[in-house]
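Structure record follows, encoded as structure tokens.
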Amino acid sequence: MARPVTAALRAGYAWSVRREHPQAWREVARMAGVIMRHCGPGRGPVIPAELVALLHQPLGTWLPTADPALAELVVLDEDDHLTDDTYEVGCDYTVEVLAGQEDPGERWLPSWRVHRAEQVEHTTFQRLIIGTDEDYVVGRRFLVENSAGQLLHILDRQTELGLTPLVEFGAIPQDRQWHGFWWACPVCAWPMSVSPSGIVRCHFKPHRATYTLLNGTGKKPLLQPADGSIPPRAARPVDGAVCVDESIWRYIVVPGVVEVRLRDRINAIAGVSADLYPCKDLYDIGVRRTTEESWRFTLDVKDFASAAALANKLIEKPIAAGHLVIPDYRSDQLIELRRLLPGVAIATETQIQKRIRRTMKEGA
Ligand SMILES: [Zn+2]
């Protein structure tokens, strides 16, 4: 299932940038071929134009799937932009669709539309893997906490921590600027997109960051939060500001925000010490009593929009940690995950903190 889904996402991305990228048309045709092969003769889209029309419909209506989250996925909105759901559900499914042959998309598609999360992680942390465990943790955390900002500040921080450059930082993209300003998402701190109609938002929906631009009279433009959104951060000047690319944001920063937040919360419990990425990411978090050497709890945080996709992945490759932790905003997946993964200890961020606090108090 992952191949046709990735093909649909790649075709959708290509269609959304067809005016800027002449290769886009061929990519849509190539991906239509991948989907046609999957569907078999007489089923699915026959020509690229048909595929483009279907990308505006829920996936389940034209690509049979047992995963309800995937069945509801619409790839393109009415303005031919990728929907926010592609940044969530879509990412759970990304695989190579042209394995074993040259992939022309490699040269111009964003790498998170082509590669699995593990590959982006591997390429990014290649240099850290050969260093010490401590370098790995410091480097990875640095990236999560400095995915965007003033270049000079980021470089200073990098030097302070004794890090060599890990990834490239580029200028704030045009579609994330407004008259010389940009806004960091209050959760992931990466630049939010600014639509021509003045909607400013982080494309990762669980961050609940959607705002309307107000043409304030002050020097800095102001944002009005949409219903349910958390308060915004102040506008910052684009001048001298940089950010990591979208793949790093999606596959390292977005999950990293939850990992770092959870580690810091657990570490704040009296008598408890929590380490990020012990043994170069064998687990996401190792928890022990401050007076002890060995782990009491080992945690792996998994943030998938689709519980079914997560379960399949873990059946294929079980986690090494004792607990699977899902972000609080995925708590509605608990029942399904427990059903799909019997024998795996599963908790939300809040539940695992409570469990750790209780266990440490009891002295068990
Ligand atoms: Zn965000």
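The values are calculated or read from the model by the stated rules, or taken from the named source; none is laboratory data. This is a predicted model, so every value here is computed, not measured. Every residue, glycine as well, gets a Cβ built from its backbone with ideal geometry; the counts of neighbours run over all protein chains shown. Protein only, heavy atoms only, side chains kept; ligands, DNA and RNA dropped before computing areas. Shrake-Rupley method; radii C 1.70, N 1.55, O 1.52, S 1.80 Å.
Express the relative contact order of the range 193-302 as a whole percentage, based on alpha carbon pairs under 8 Å and six or more residues apart in sequence.
12 percent
In the range 12-59, which trypsin sites (Lys or Arg not before Pro) are in a loop and have at most 13 other Cβ atoms within 10 Å, using DSSP for the loop call?
Passing both the DSSP loop test and the Cβ count: 19, 43.
Quick check for me: using +1 on Lys/Arg Cβ and -1 on Asp/Glu Cβ, what's the dipole size of the chain about its Cα centre, in debye to the nearest 20?
620 debye
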Residue 291-residue 354 pseudo-label distance in nm [points 7 Å out on the Cα-to-Cβ vector]: 2.8 nm
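Mean Kyte-Doolittle of at least -1.0 and a Cα length of 15 Å or more along the axis: which whole DSSP H helices of the chain meet both?
The qualifying helices are 2-16, 24-39, 117-129, 133-145, 254-267.
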Using only helices, what value at 222 nm comes out for the chain when you add -39,500 (n - 2.57) per DSSP H run of length 4 or more and divide by the total residues, to the nearest 500 deg cm²/dmol? -10500 deg cm²/dmol
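Can you send over the carbon and sulfur percentage of the accessible area for the chain, probe radius 1.4 Å, protein chains only?
53 percent
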Averaging over every viewing direction, what projected area does the convex hull of the Cα atoms of the range 253-362 cover, in nm²? 6.8 nm²
List the GluC sites (Glu not before Pro) within the range 55-92 that DSSP assigns to loop and that have no more than 16 neighbouring Cβ atoms inside 10 Å. 72, 78
Expressed in nm to one decimal, what extension gain is obtained for the pair residue 77 and residue 171 from 0.36 nm per residue of sequence separation less their Cα-Cα distance? 31.2 nm
If the convex hull of the alpha-carbon atoms of the chain is projected onto planes in all directions, what is the mean projected area in square nanometres? 20.3 nm²
Could you give the dipole magnitude of the range 4-98 about its Cα centre, charging the beta-carbon of Lys and Arg +1 and that of Asp and Glu -1, in debye to the nearest 20? 640 debye
Between residue 197 and residue 336, what is the label-point separation in nm under the 7 Å Cα-to-beta-carbon projection? 2.9 nm
Selection from 240, 226, 196, by position along the positive dipole direction of the range 196-251 (Cβ): 226
Have a look at 59, 152, 340 and tell me which one the Gaussian network model of the chain (Cα, springs below 10 Å) gives the largest fluctuation. 152
Among 356, 86, 325, whose Cα projects farthest towards the positive end of the dipole of the chain, with charges put on the beta-carbon of Lys, Arg (+1) and Asp, Glu (-1)? 356
Along the positive direction of the dipole of the chain (beta-carbon charges: Lys, Arg +1; Asp, Glu -1; about the Cα centre), which of 137, 40, 151 reaches farthest? 137
Under 23 Å Cα to Cα from residue 205, which lysines show up? Leave out anything in the same chain fewer than 8 places away. 302, 313
Any idea what the dipole of the range 210-359 comes to, in debye rounded to 20, about its Cα centre with Lys/Arg Cβ at +1 and Asp/Glu Cβ at -1? 420 debye
List the trypsin sites (Lys or Arg not before Pro) in the range 334-364 that DSSP assigns to loop (not H, G, I, E or B) and whose Cβ has at most 16 other Cβ atoms within 10 Å. Which are they? none
For the chain, dividing by residue count, accessible area per residue (probe 1.4 Å) in Å² works out to 48 Å²
